[in-house]
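Student: Sharing a structure here in structure tokens format.
The values are calculated or read from the model by the stated rules, or taken from the named source; none is laboratory data. What you are looking at is a predicted structure, and each value in this text was computed from that prediction instead of being measured. Every residue, glycine among them, receives a Cβ derived from its backbone with ideal geometry; neighbour counts consider all protein chains shown.
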Amino acid sequence: MADPRHSGARVPGKRGGTAAGKDSGQGEGPPSLDLPARRVLLDEALVQLRAVKDPKVPLGAVKRHVEAALRALYGALVSSADEARYRPYTTQALARARAGLDSLNAAGSQDAAVARSVAALSEATRGWEQAARRTLLHPLELPRPPDGARPRRLTDTPALLTLPRGPVPPAVVLPLEEQPEVEALESVSEPPMPLPAMSLDALLAQAAAAGAALEAPPRKEPAPPPAHKSERAPVTPEEIEQEQFGARLSREEVELLRAKAFFEELAMMSVMRQPDAGELWSNLRPVEERLLARVEGILACGEWVLSELVALLCERPVPDPEMTWAALFIHGSLAGEDTLHQMERLLRTAGLEEPVVFDAACDALAFVPHPGLQAMMRKWLTDKELLHRRLAVRVLGRRGLLDAAQALVLARGEEPELALEGARALPMAPGELDLRETAQLLGHKQEEMVSCAIEALWLRHSPLGLRHAQALVAEGRGAFASAALWLAAGGGPEAQPVFEAALARGASPVLLEALGWYGNLQFMEPLLALLEKGKVAAVGALQRLTGASLTDEEPEPEYVKGEEPFVRGFSPPSEELELSMDAAVWSAWWKQHRGRASVKKRYRWGHLWSAQDNLWEMELARASMPERRRAFHELVARAGAAHPFEPRDFVARQQAALARWREAPEPRRITSGTWPPSFSR
């Protein structure tokens, strides 16, 4: 949200400023502030309410007044060419803004957030009539579909919807107090009726009479005569229908109930679309299709329901990450400048200080198709709030919109949290990257920073990241930044003695996993010995090398001739839920089949490794997200290509990316069973 101080606004120095708020609108006001600029001030006043701590402030009343002022202002902005509609809207907007200002001033609070809200409202209402009389240079134009065109359908990926509609009602996430509030000026069009003037003696006499009436014994009233049956009113058909089917709901009530149900399902599906362990990611495509259908269903109920859905966030006792995701995604899917404004209000009031809410908001913004999001996030890059700058860097980074040079400057900055976000953006950042400066991040103490730097260098086919990973493994720090896994994915035969020395120092789970990825069967015996000593992490490496899928129920699988281990062609392993942890079972299998293996070849799942293994794990295996990403990195290193792939993306986009990989010529040039180097040594 733009700071009023940077938009030409003159913020009053004192908290009061009520004279300006109560003038006729003809007083002095900054001539540069047209109504769109005053919309920014009203937004500022509204979002500041979230920071108010003083219990005396009637937050609910002020919130409703300012939201009503914004609704009226939007009505004016979209009808500026129609004087008959424009003038009443501007008048109503001013009246509700003043009512909110009066409510704040009446509280007499010294709260700093109240002072900021008062300052913004005072500035917004000063010289209002002068601004309203001017011709608007930038009226709000709501995008509309071409005449006769049907709005596009959301099928399998997020897309911007252009619908015939009115302005989206402004709303913020403001947790309200449990006790009912005394509201000031709830209706600005009809002031309360004045009480008749009475003397003090008359008031005292009235009070004494009321007290005497309370103390007097209750008077017995005669029982009414029983009603005659013939006097009973006949039952109407409407009463019969209500008794059988319940109360009849209006169309608006039905639409709101449906929208709320869709909204809760949308929030739930934002989590459901992320695969659990052992779940095939592509099977979640129907979930994403239903998710997008819920967006269409909500918007079909009308734009007026959106503020009611935001109100559900206010009712939560703690910030709700899933509903925050849903609210941002809905508004970001609807074309229009007003929806962009509403996304900003949500971000400023949804509770980003909670890490789970911050992560959910970033995830939603990574997918929303609104074309104005990039400009808003670039504005937030210079926001005074560190939290807002962090969010902007992460969102732009995930969308591949943060320039590589800018991401590197942030990654090398002095603010640790912002530096980490900059490093996370480096791998996908477009533009030329200074490899030498990036390599300086490899010496960072935080391992995620180092891992991000390795990945950024990796995807640009620089050997600097691989060399650093090898050095870490040689130092006995193979677990730091997953250095052993990086070395296994990109290292050649020269990495074998490095792994042997590291294994002699100690076997961390990361190192054992890396030996499976490396693919050299000379490590079978050490892995079996470690399993004998209780290192159960060795089982995963043994399975990746052999594809034996040994279980306690079936310790000796039978093979068709020509399909035996180490001589067969590409064959995906059986995906068993529980592999055997018995070292004797694996040792017996290895003793039986080792004669067909070669220690000079690279194996995966019991056959010679090829790029097809990586494509299978990225596309068809029930692999975890880190495993799919690791398979992608290995394919980049071995094939010498870097076609994009993002395992967090919607299923349809991932499938399109994998289709490009399968059509690419580079993977087909790989010689099976080798450690092909693509980085210069």
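Student: For the list (1) surrounded by 18 or more Cβ atoms within 10 Å (Cβ to Cβ); (2) more than 40 Å from the chain's Cα centre (by Cα); (3) of a type in the set (Ser, Thr, Tyr), I need the number of the one condition that Ser508 fails.
Tutor: It fails just one condition, (2).
Student: So how many residues does the stretch 567-604 have that are within 15 Å of Glu525 (Cβ to Cβ) and surrounded by 13 or more Cβ atoms within 10 Å (Cβ to Cβ)?
Tutor: 10
Student: From Trp661, Trp589, Trp609, which residue is in contact with a Gly (Cβ under 7 Å, 6 or more places away or on another chain) and in contact (Cβ under 8 Å) with a residue 24 or more places away in the chain?
Tutor: Working: Trp661 fails: in contact with a Gly (Cβ under 7 Å, 6 or more places away or on another chain); Trp589 fails: in contact with a Gly (Cβ under 7 Å, 6 or more places away or on another chain).
Testing whether each residue is in contact with a Gly (Cβ under 7 Å, 6 or more places away or on another chain) and in contact (Cβ under 8 Å) with a residue 24 or more places away in the chain leaves just Trp609.
Student: So is Arg85 assigned to a helix (DSSP H, G or I) and in contact (Cβ under 8 Å) with a residue 12 or more places away in the chain or not?
Tutor: no
Student: From the list Ala327, Ala360, Ala366, Ala350, which residue is crowded, with 21+ Cβ neighbours inside 10 Å, over 24 Å from Leu70 (Cα atoms) and among the hydrophobic types (A, V, I, L, M, F, W, C)?
Tutor: None of the other options fit; the residue is Ala360.
Student: Hey, among the residues in the stretch 362-375 that are assigned to a helix (DSSP H, G or I) and touching a Phe, Trp or Tyr at 6+ places or on another chain (Cβ under 7 Å), which one's nearest to Glu44 (Cα to Cα)?
Tutor: Just the residues of the stretch 362-375 that are assigned to a helix (DSSP H, G or I), to begin with: 362-365, 373-375.
If we keep only those that are touching a Phe, Trp or Tyr at 6+ places or on another chain (Cβ under 7 Å) too, we end up with 363-364.
On the way: Asp363: 25, Ala364: 23 Å.
The extreme case among them is Ala364.
Student: Regarding Leu527, is this residue in a helix (DSSP H, G or I) and either hydroxyl-bearing (Ser, Thr, Tyr) or crowded, with 23+ Cβ neighbours inside 10 Å (or both)? Outline the logic, then answer.
Tutor: Values: in a helix (DSSP H, G or I): yes; either hydroxyl-bearing (Ser, Thr, Tyr) or crowded, with 23+ Cβ neighbours inside 10 Å (or both): yes.
The answer is yes for Leu527.
Student: Consider the stretch 390-423. How many of its residues are charged (D, E, K, R), surrounded by fewer than 20 Cβ atoms within 10 Å (Cβ to Cβ) and under 22 Å from Ala360 (Cα atoms)? If you could, list the steps in order and put the result at the bottom.
Tutor: So in the stretch 390-423, the residues charged (D, E, K, R) come out as 390, 394, 398-399, 403, 412, 414-415, 417, 421.
Right, trim to surrounded by fewer than 20 Cβ atoms within 10 Å (Cβ to Cβ) and you get 399, 403, 412, 414-415, 417.
Subsequent filtering for residues that are under 22 Å from Ala360 (Cα atoms) retains 399, 417.
Looking only at that region, the number is 2.
Student: Any idea which of (1) surrounded by 21 or more Cβ atoms within 10 Å (Cβ to Cβ); (2) in contact (Cβ under 8 Å) with a residue 60 or more places away in the chain; (3) among the aliphatic types (A, V, I, L, M) is the one Val651 doesn't satisfy?
Tutor: (1)
Student: Is it the case that some residue within the stretch 658-669 is in a helix (DSSP H, G or I), aliphatic (A, V, I, L, M), closer than 17 Å to Asp156 by Cβ and out of contact with any Lys or Arg (no Cβ under 9 Å at 6 or more places or on another chain)?
Tutor: yes
Student: When both residues are 6+ apart or on different chains and their Cβ atoms are under 6 Å apart, which pairs have a first residue that lies in the stretch 120-141 and is farther than 13 Å from Ala69 by Cβ and acidic (Asp, Glu), and a second that is at pLDDT 95 or above and part of a helix (DSSP H, G or I)?
Tutor: Cβ pairs passing all conditions: Glu123/Leu41.
For (1) more than 24 Å from Ser451 (Cβ to Cβ); (2) polar (S, T, N, Q), each residue gets a yes or a no:
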position	(1), (2)
Ala507	no, no
Val510	no, no
Leu527	yes, no
Leu542	yes, no
Thr551	yes, yes
Pro557	yes, no
Gly562	yes, no
Met581	yes, no
Ser587	yes, yes
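Student: OK, next. Out of Pro497, Pro493, Pro509, report the one residue that is in contact (Cβ under 8 Å) with a residue 40 or more places away in the chain and not hydroxyl-bearing (Ser, Thr, Tyr).
Tutor: After ruling out the rest, the residue left standing is Pro493.
Student: Within the stretch 108-132, restricting attention to residues that are out of contact with any helix residue (DSSP H, G or I) (no Cβ under 7 Å at 6 or more places or on another chain) and in a helix (DSSP H, G or I), which residue is farthest from Val57 (Cα to Cα)?
Tutor: Per the stated criteria, the residue is Gln130.
Student: Related question: Could you tell me which residue of the stretch 559-601 is modelled with the lowest pLDDT, considering only residues that are of a type in the set (Gly, Ala, Ser) and more than 22 Å from Asn614 (Cβ to Cβ)?
Tutor: To start, the set of residues in the stretch 559-601 that are of a type in the set (Gly, Ala, Ser) comprises 562, 569, 571, 574, 580, 583-584, 587-588, 595, 597-598.
Of the ones still in play, those that are also more than 22 Å from Asn614 (Cβ to Cβ) are 562, 580, 583-584, 587-588, 595.
Numbers: Gly562: 89, Ser580: 95, Ala583: 97, Ala584: 97, Ser587: 97, Ala588: 97, Gly595: 96.
Here the residue is Gly562.
Student: Looking at Gly569, is it in a loop (DSSP other than H, G, I, E, B) and farther than 25 Å from Val510 by Cα?
Tutor: Values: in a loop (DSSP other than H, G, I, E, B): yes; farther than 25 Å from Val510 by Cα: yes.
Taking the combined requirement at face value, the residue satisfies it.
Student: A further question on this structure: Limited to the stretch 424-458, what total is found for residues that are buried (at least 21 other Cβ atoms within 10 Å of the Cβ) and basic (Lys, Arg)?
Tutor: 1
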